[in-house]
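This report refers to the structure that appears directly beneath it.
The values are calculated or read from the model by the stated rules, or taken from the named source; none is laboratory data. Note that the coordinates shown come from a computational prediction; the quantities given were computed from them, not determined experimentally. Every residue, glycine as well, gets a Cβ built from its backbone with ideal geometry; the counts of neighbours run over all protein chains shown.
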Amino acid sequence: MLSKKEFVRFGSGTLTMVFIDRIFQECLTYDDELDYKGYLDIVLAMENKNEPQAMQFLFRLLDINRRGYLDGFSLNYFFKGIQQQMSEADQEPVNFEDIKDEIFDMIRPADPCKITLDDLVRSGQGEVVINILIELNGFYSYENREVRPAPESADSRTSK
């Protein structure tokens, strides 16, 4: 059995408290402790975020209003946890509106104001968005991504 206090050390230890609170709200707990099955469900989802089944599990945690979609309010709800961790690390928090716009641009949802599970899966960027919202290291990975040059074609290598 794991308490929230113990779960804070999960993985790299950079999951936000907002997300950890959601885990303990949505997953079956016993005396506010997570059992082994619940822990395994989370481990499998976190290690396979790019898989539709894992995204479905994590989407359920992100869908705080249980409406079947994420909107600006729910994205902000989770991103406040990232901003809090940034403040605690003496880093200037990033503007939420910029991140929200980037998320909607990445996902290109069918409804421009709502992101559904299908939108996340279809976009191929679901894992990135989930990481941005729940884990400081995931956000930093996104924020510090390097622009990679396109690979050289065989023609351009032979003409040099």
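Values as computed for the structure displayed
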| quantity | calculated |
| --- | --- |
| Residue list for the range 32-71, restricted to those being charged (D, E, K, R) and free of Cβ contacts under 8 Å to residues at least 24 places away in the same chain | 37, 41, 47, 51, 63, 66, 67 |
| Test for residue 90: is it under 20 Å from residue 144 (Cα atoms) and outside any loop (DSSP other than H, G, I, E, B) | no |
| Yes/no for residue 115 being within 16 Å of the chain's Cα centre (by Cα), free of Cβ contacts under 8 Å to residues at least 40 places away in the same chain, closer than 23 Å to residue 143 by Cα and buried (at least 18 other Cβ atoms within 10 Å of the Cβ) | no |
| Single residue of 64, 20, 42 found to be aliphatic (A, V, I, L, M) and within 30 Å of residue 112 (Cβ to Cβ) | 64 |
| Per-region count, the range 4-25, residues in a loop (DSSP other than H, G, I, E, B), closer than 14 Å to residue 130 by Cβ and aliphatic (A, V, I, L, M) | 0 |
| Filtered residue count, the range 68-87, keeping only those that are out of contact with any helix residue (DSSP H, G or I) (no Cβ under 9 Å at 6 or more places or on another chain), of a type outside the set (Gly, Ala, Ser) and either within 17 Å of residue 13 (Cα to Cα) or assigned to a loop (DSSP other than H, G, I, E, B) (or both) | 1 |
| Scope the range 30-64; condition assigned to a loop (DSSP other than H, G, I, E, B), farther than 25 Å from residue 76 by Cα and in contact with a helix residue (DSSP H, G or I) (Cβ under 7 Å, 6 or more places away or on another chain); matching residues | 32 |
| Candidate set: the range 7-59, residues that are among the hydroxyl-bearing types (Ser, Thr, Tyr) and surrounded by 13 or more Cβ atoms within 10 Å (Cβ to Cβ); chosen: the one modelled with the lowest pLDDT | 29 |
| Residue check, residue 77 closer than 17 Å to residue 136 by Cβ and among the aromatic types (Phe, Trp, Tyr) | yes |
| Output for the range 72-112, where each listed residue is farther than 23 Å from residue 52 by Cβ, among the β-branched types (Val, Ile, Thr) and free of Cβ contacts under 8 Å to residues at least 60 places away in the same chain | 94, 99 |
| Complete set of residues in the range 114-134 that are outside any loop (DSSP other than H, G, I, E, B) and either small (Gly, Ala, Ser) or modelled with pLDDT under 95 (or both) | 123, 126 |
